[in-house]
Amino acid sequence: MAFIYLFGFFTILAAFSLDSINNFIMELSPRAAELTSLLESRISNFYTNLKVDEIGRVVSVGDGIARVYGLNEIQAGEMVEFASGVKGIALNLENENVGIVVFGSDTAIKEGDLVKRTGSIVDVPALC
């Protein structure tokens, strides 16, 4: 079936003169250039608003400690936020998971919940 369509296309092309085909292509050139510049501008601006969050998943939780897998670049003392909105601090950095002390109740945190890095290190001002 595709052969018949292809054959028909070439038959139609053969019916036109070479000049008429060249004129048709020349008419498309300005539109193609305009389309190309439009696509280039859209592609160049595509990543300007991109924000990447590093996230992990809760492996286990209990006694105010959550074990999280997937936060490979986290720093000790960095604050994290759980999907429930509860915050915590990363203290125990291991190869396979991170131990996070939960600020508040851990009852809203379940296995499989997402955990997001905040990028800020927890600090406490000292009074002298």
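Every number in this text was worked out from the coordinates using simple rules, so none of it is lab data. In this text the structure is predicted, and so the values were computed from the model without any measurement. Virtual Cβ from ideal backbone geometry, glycine too; neighbours counted across all protein chains shown.
Numerical summary
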{"item": "Contour minus Cα-Cα distance for L93 and A126 (0.36 nm per residue)", "result": "9.3 nm"}
{"item": "Neighbour-count ranking [beta-carbon atoms within 10 angstrom, fewest first] of L39, L91", "result": "L39, L91"}
{"item": "Relative exposure of I43, I55, judged by other C-beta atoms within 10 Å (fewest first)", "result": "I43, I55"}
{"item": "Virtual spin-label span in nm between L114 and A76, 7 Å along Cα→Cβ", "result": "3.0 nm"}
{"item": "Residues whose placed amide H lies under 5 Å from that of E54, excluding near-sequence neighbours", "result": "R117"}
{"item": "Cα shape, the range 55-121, gyration tensor, a/c 1.5 rule", "result": "rounded"}
{"item": "In Hz, Karplus ³J(HN,Hα) per residue of the range 35-42 (6.51, -1.76, 1.60; θ = phi - 60°; x = Gly, Pro)", "result": "5, 4, 5, 5, 5, 4, 5, 5"}
{"item": "Long-range amide H partners of F103 with built H, under 5 Å", "result": "K87, G88, I89"}
{"item": "Dipole of the range 55-121 [Lys/Arg +1, Asp/Glu -1 at C-beta], most positive-end residue of I65, A108, I89", "result": "A108"}
{"item": "J(HN,Hα) series, the range 54-70, from Karplus relation 6.51 cos²θ - 1.76 cosθ + 1.60, nearest Hz, glycine and proline x", "result": "8, 10, x, 10, 6, 8, 8, 8, x, 6, x, 10, 10, 9, 10, 9, x"}
{"item": "Residue-by-residue Karplus 3J(HN,Hα) for the range 113-120, coefficients 6.51, -1.76, 1.60, Hz, glycine and proline x", "result": "5, 7, 10, 10, 5, 9, x, 10"}
